[in-house]
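Notes follow the structure.
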Amino acid sequence: MTAVKIVKILGVSTESWEAAAQEAVAEATETIDDIHGVEVESWTAEVEGGQITEYKATVEVAFLIHRGR
């Protein structure tokens, strides 16, 4: 039987929502093995003076649970 764990990560970028999502995945790979998929849960942004200054992507990361490690 395979078990999968899902964690929620917030990625941030000054460039774009796509870059924010990629940042979340890149950070996740630093501490999580066997990532099998991601789902972008939401896109948000910080606004100053009528301009977006910071893009944010909330991403759910799915990975296998390895027992006995």
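Worth pointing out:
- Other residues whose C-beta falls under 12 angstrom from the C-beta of THR14 contribute a net charge of -4, scoring Lys and Arg +1 and Asp and Glu -1.
- If you take the alpha carbon atoms of the range 4-64 and fit the smallest convex hull around them, that volume is 61 Å³ per residue.
- Rounded to the nearest 20, the Cβ-based charge dipole of the range 4-64 about its Cα centre (Lys and Arg +1, Asp and Glu -1) stands at 180 debye.
- Put simply, when 27-40, 54-67, 4-17 are sorted by average Cβ atoms within 10 angstrom per residue, most first, you get 54-67, 4-17, 27-40.
No value in this document is a laboratory result; all are computed from the given coordinates. Because the structure is a prediction, the values reported are computed rather than measured. Every residue, glycine as well, gets a Cβ built from its backbone with ideal geometry; the counts of neighbours run over all protein chains shown.
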